[in-house]
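Worksheet for the structure shown next.
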Amino acid sequence: MCGIVGYIGNKKAGPILINGLLRLEYRGYDSAGIATIENDNIKVMKNKGRVNNLYELDGINNLVGTIGIAHTRWATHGKPSKENSHPHMDNSNSFAVVHNGIIENYHELKTFLIEKGYKFVSSTDTEVIPNLIHYYFSQDKLNDDKKVLRAVKNTCNSLKGSYAIEILSKYNKDKMIVTRKDNPLVIGKGNGENYISSDIPAILSYTKDFYLLDDNEIVELSRDDVKFYNKELRSIKKQVKSIEWGALSAEKDGYDDFMLKEIYEQPKAIRETVGAKLDNGHIEIDGLEITKEYLESINKIYIVACGTAMHAGVATKSIFERLCKIPVEVDIASEFRYRNPLIDEKTLTIYVSQSGETADTIAALKLAKLKGAKTLAISNVIGSSITREADYSIYTHAGPEIAVASTKAYTSQVVLLNILGMYFAEKLERVDRDIINKLKEDIFKLPTQVEEILKDTNRIHKFAKKVYKEKDMFFLGRGTDYAVSMEGSLKLKEISYIHSESYASGELKHGPIALIENGVTVIAIMTNSELVEKSISNVEEVITRGAKVFVITSEEIDNDEISEIIKIPKTNTFLSPILSVIPMQLFAYYISKEKGLDVDKPRNLAKSVTVE
Ligand code: G6P
């Protein structure tokens, strides 16, 4: 995880770097630091804790350097502390490095360097990098303008693992070097200045023109130039990509928190995701050239992802099964990649990732590709790593999602997976076309229906106030409602730190009901008219044992013993997760606020998990 920023230009680097770090804090926030070059020396300032803690450091506002690198950390090796914060320097204070990723062979490299006389001050894996650069630099007898680049290249050849790194060198005071492997890094092209960042939104207010780096590319930046090299240091050419997102979409825009803003952006995100694929009821998916013959040859679909994105897969499995008549398995990426799944060229594997940078999801994709399966990535970030690996890439149009807990990305993923299921079904012609046409009509109604739910959130807030001090909660549902109960439970854990479990309502009697006692809170989701009676019976069972029940439903339910009923609009069962999840998101949000927690940056979490 971790976020990195860099700047080279004519302005003071300090404020630009700190501003960028603040926007990347979702990637890690246990320590932060910056390095600039002043009076021919590298100056490093770092501190434990949030990025704002940098302002506690003497002289932080007086930095005059116009070139600098910066880092916000999510600790992997070594506890959060000032010593373990980045940037890290080599022993001679000639090279400063910030790093996102994990160096798997750092023990071996550290031993090698210690034998050569190098000393280490931190417990991080990163500290081997500046020292190794120094080692290769000092071994190189050639004194030309590529000497630092060669040292970086040789260092990268020695590293195993994943990295995005920025390097400042006192031997090359007007240049900066960056490189990446399996971790994100983008370069923002300005006029007489250039920017570096782990993601695009963090520097969108400075430029809209970006270079997207591929694995193992090494880049040398100066104020007016960006030079790209492959891993053998041969020059390569790269195209600039212009990005459309407005800088404002990465701002809070008057809301207290990004999460609340993103919850309220869902009608727009859904509208844009639908609008980009469903034109006048005709499905057109850019980047997808899948034939009827290929679809007929598929014997299985895997949907693979992590966290909330995986829940989007669980919520949409049934559309592929019911409308395409193809068996579907949804798997957690970190499990899928190590369980030797049965995959061959007749398997279609779909990967869902908001960021497109999640390490396990990317590794799962690479594995399936090796086994000959077709790979299709669904991401929210154009040009993200996963989209560059996959055979096909299609996009949600949610705009930048900043809060760690995913909201608008989830609903957009569920919408897009439904559209994909319909697209396949139209080609396969295994079900009556009227079913698909009706579904299309229902999809167009979703944004207005979400707006309707968001208009009145008082009752959700009231219930949250009633239960925010609790230690445990249970979420129940059947079918697609069960998928949403999993997501509701995850949201609550992530931002309110309340322990919660989700269960398929019918499974309750097989053990978990033993945990239901007086006062326990149960959240039940019931949107499927065919299953509502069975779900009500399950709710009665917990009420009998003293539970307080909060129901989210699109059905008419008349039951005085239910503490609160939230009515949501009716839609097709395949689409119901898009509506029923909204009260769940708000419920978790209000509880977190009542508890006075940091909604956008919950403890121990990071938005983009680029380590295994
Ligand atoms: C992290 C985030 C989750 C997210 C998951 C997958 O755990 O905290 O919110 O769902 O990663 O992220 P992705 O970018 O692959 O969708």
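The values are calculated or read from the model by the stated rules, or taken from the named source; none is laboratory data. None of these values were measured; they are calculated from a predicted model. Don't worry about glycine lacking a Cβ; one is built from the backbone with ideal geometry, like all the others, and counts go over all protein chains shown. The accessibility values were calculated without ligands, DNA or RNA, using every heavy atom of the protein model including side chains. Shrake-Rupley method; radii C 1.70, N 1.55, O 1.52, S 1.80 Å.
Restricting attention to the range 366-383, report how many residues are within 11 Å of the ligand (Cβ to nearest atom) and within 18 Å of HIS311 (Cα to Cα).
Taking the range 366-383 as the starting set, the residues that turn out to be within 11 Å of the ligand (Cβ to nearest atom) are 377-381.
If we keep only those that are within 18 Å of HIS311 (Cα to Cα) as well, we get 377-380.
Result for the range 366-383: 4.
Which of (1) within 28 Å of the chain's Cα centre (by Cα); (2) at pLDDT below 95; (3) open to solvent by less than 30 Å² (accessible area, probe 1.4 Å) is the odd one out, the single condition HIS77 does not satisfy?
HIS77 satisfies all of (1) within 28 Å of the chain's Cα centre (by Cα); (2) at pLDDT below 95; (3) open to solvent by less than 30 Å² (accessible area, probe 1.4 Å) except (3).
Step by step: first the residues of the range 309-327, then only those that are farther than 15 Å from GLY479 by Cβ and surrounded by fewer than 22 Cβ atoms within 10 Å (Cβ to Cβ), then the one that is farthest from the ligand (Cβ to nearest atom). Which residue is that?
Ranking the qualifying residues of the range 309-327, first place goes to LYS325.
Name the one entry in ALA606, ALA547 that is away from the ligand (no atom under 16 Å from the Cβ) and outside the structural domain of VAL450 (by TED's automatic domain parsing).
Numbers: ALA606 fails: away from the ligand (no atom under 16 Å from the Cβ).
Of the residues listed, the single one that is away from the ligand (no atom under 16 Å from the Cβ) and outside the structural domain of VAL450 (by TED's automatic domain parsing) is ALA547.
Quick check on my filter: what residues within the range 135-177 are of a type outside the set (Phe, Trp, Tyr), open to solvent by 40 Å² or more (accessible area, probe 1.4 Å) and without any contact (Cβ under 8 Å) to a residue 60 or more places away in the chain?
Start the filter on the range 135-177 by keeping residues that are of a type outside the set (Phe, Trp, Tyr), which leaves 138-162, 164-170, 172-177.
Of the ones still in play, those that are also open to solvent by 40 Å² or more (accessible area, probe 1.4 Å) are 138-139, 141-146, 150, 153-154, 157, 160, 170, 173-175.
Once the filter is applied, which keeps residues that are of a type outside the set (Phe, Trp, Tyr), open to solvent by 40 Å² or more (accessible area, probe 1.4 Å) and without any contact (Cβ under 8 Å) to a residue 60 or more places away in the chain, the range 135-177 yields SER138, GLN139, LYS141, LEU142, ASN143, ASP144, ASP145, ASN154, LYS160.
If the requirement is being among the charged types (D, E, K, R) and open to solvent by 60 Å² or more (accessible area, probe 1.4 Å), which of these qualifies: LYS208, LYS238, LYS181, LYS261? Full working, then the answer.
Working: LYS238 fails: open to solvent by 60 Å² or more (accessible area, probe 1.4 Å); LYS181 fails: open to solvent by 60 Å² or more (accessible area, probe 1.4 Å); LYS261 fails: open to solvent by 60 Å² or more (accessible area, probe 1.4 Å).
Being among the charged types (D, E, K, R) and open to solvent by 60 Å² or more (accessible area, probe 1.4 Å) holds for just one of LYS208, LYS238, LYS181, LYS261, which is LYS208.
Quick test of your reading of the structure: ILE419 fulfils all but one of (1) away from the ligand (no atom under 15 Å from the Cβ); (2) part of a loop (DSSP other than H, G, I, E, B); (3) among the β-branched types (Val, Ile, Thr). Name the failing condition by number.
It fails just one condition, (2).
Against the condition under 23 Å from SER485 (Cα atoms), in contact (Cβ under 8 Å) with a residue 60 or more places away in the chain and among the polar types (S, T, N, Q), how does SER318 come out, does it pass?
Values: under 23 Å from SER485 (Cα atoms): yes; in contact (Cβ under 8 Å) with a residue 60 or more places away in the chain: yes; among the polar types (S, T, N, Q): yes.
So SER318 passes the test.
In the range 328-361, which residue that is among the β-branched types (Val, Ile, Thr) and modelled with pLDDT of 95 or more is surrounded by the most Cβ atoms within 10 Å (Cβ to Cβ)? Working first, answer last.
Our first condition is that a residue be among the β-branched types (Val, Ile, Thr); within the range 328-361, this holds for 328, 330, 332, 343, 347, 349-350, 352, 358, 361.
From the residues that got through so far, the ones that are modelled with pLDDT of 95 or more too are 328, 330, 332, 347, 349-350, 352, 361.
Details: VAL328: 20, VAL330: 21, ILE332: 17, THR347: 20, THR349: 27, ILE350: 26, VAL352: 34, THR361: 29.
Only one residue fits best here, namely VAL352.
Residue by residue, here is whether (1) in a loop (DSSP other than H, G, I, E, B); (2) closer than 17 Å to ILE557 by Cβ; (3) touching a Pro at 6+ places or on another chain (Cβ under 8 Å); (4) open to solvent by 10 Å² or more (accessible area, probe 1.4 Å) holds:
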position	(1), (2), (3), (4)
ASP434	no, no, no, yes
ASN437	no, no, no, yes
ILE460	no, yes, yes, no
GLU470	yes, no, no, yes
GLU487	no, no, yes, no
LEU508	no, no, no, no
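Condition first: open to solvent by less than 10 Å² (accessible area, probe 1.4 Å) and of a type in the set (A, V, I, L, M). Now tell me which residues in the range 91-123 satisfy that.
ALA96, VAL97, VAL98, ILE103, LEU113, listed by residue number.
Which residue, of ILE566, ILE557, ILE591, is more than 16 Å from the ligand (Cβ to nearest atom), open to solvent by 10 Å² or more (accessible area, probe 1.4 Å) and within 30 Å of the chain's Cα centre (by Cα)?
On the way: ILE557 fails: within 30 Å of the chain's Cα centre (by Cα); ILE591 fails: open to solvent by 10 Å² or more (accessible area, probe 1.4 Å).
Within the list ILE566, ILE557, ILE591, the selection yields ILE566.
If we scan the range 474-486, do we find a residue that is away from the ligand (no atom under 16 Å from the Cβ), over 27 Å from the mean Cα position of the chain (by Cα) and assigned by TED's automatic domain parsing to the domain that holds VAL542?
The answer is yes, given that some residue of the range 474-486 is away from the ligand (no atom under 16 Å from the Cβ), over 27 Å from the mean Cα position of the chain (by Cα) and assigned by TED's automatic domain parsing to the domain that holds VAL542.
Restrict the check to the range 575-583 and report whether at least one residue is within 22 Å of the chain's Cα centre (by Cα), within 16 Å of the ligand (Cβ to nearest atom) and open to solvent by 10 Å² or more (accessible area, probe 1.4 Å).
no
Go through the residues of the range 496-504 one by one and say whether even a single one is aromatic (Phe, Trp, Tyr), within 26 Å of the chain's Cα centre (by Cα) and over 16 Å from MET584 (Cβ atoms). Even if it seems obvious, please write down each step before you answer.
Of the residues in the range 496-504, the ones aromatic (Phe, Trp, Tyr) are 497, 503.
Still in the list and also within 26 Å of the chain's Cα centre (by Cα): 497, 503.
Still in the running and over 16 Å from MET584 (Cβ atoms): 497.
Yes, there is a match, as at least one residue in the range 496-504 is aromatic (Phe, Trp, Tyr), within 26 Å of the chain's Cα centre (by Cα) and over 16 Å from MET584 (Cβ atoms).
Considering each of THR72, THR126 in turn, give the residue that is hydroxyl-bearing (Ser, Thr, Tyr), touching a Phe, Trp or Tyr at 6+ places or on another chain (Cβ under 7 Å) and open to solvent by less than 30 Å² (accessible area, probe 1.4 Å).
Values: THR126 fails: touching a Phe, Trp or Tyr at 6+ places or on another chain (Cβ under 7 Å).
Going through THR72, THR126 in turn, the sole match is THR72.
If you scan the range 71-117, which residues turn out to be in a helix (DSSP H, G or I) and of a type in the set (D, E, K, R)?
First, the residues of the range 71-117 that are in a helix (DSSP H, G or I): 106-115.
Selection gives GLU108, LYS110, GLU115.
If VAL274 satisfies every condition in (1) assigned by TED's automatic domain parsing to the domain that holds ILE350; (2) in a loop (DSSP other than H, G, I, E, B) but one, which is the exception?
Single failed check for VAL274: (2).
Would you point out the residue of the range 15-28, among those that are of a type outside the set (A, V, I, L, M, F, W, C) and either open to solvent by less than 30 Å² (accessible area, probe 1.4 Å) or assigned to a strand (DSSP E or B) (or both), that is modelled with the highest pLDDT? I'd like the intermediate steps shown before the answer.
Here is the first cut: in the range 15-28, the ones of a type outside the set (A, V, I, L, M, F, W, C) are 15, 19-20, 23, 25-28.
From what's left, either open to solvent by less than 30 Å² (accessible area, probe 1.4 Å) or assigned to a strand (DSSP E or B) (or both): 20, 25-28.
Numbers: GLY20: 94, GLU25: 86, TYR26: 81, ARG27: 84, GLY28: 82.
Once the filter is applied, the top-ranked residue is GLY20.
Could you give me the residue pairs with C-beta distances under 8 Å whose first residue belongs to the range 382-394 and is closer than 14 Å to ILE285 by Cβ and aromatic (Phe, Trp, Tyr), whose second residue is away from the ligand (no atom under 14 Å from the Cβ) and open to solvent by 20 Å² or more (accessible area, probe 1.4 Å) wherever it lies, and which are 6+ apart or on separate chains?
So the pair list comes out as TYR392/GLY287; TYR392/GLU289; TYR392/LYS374.
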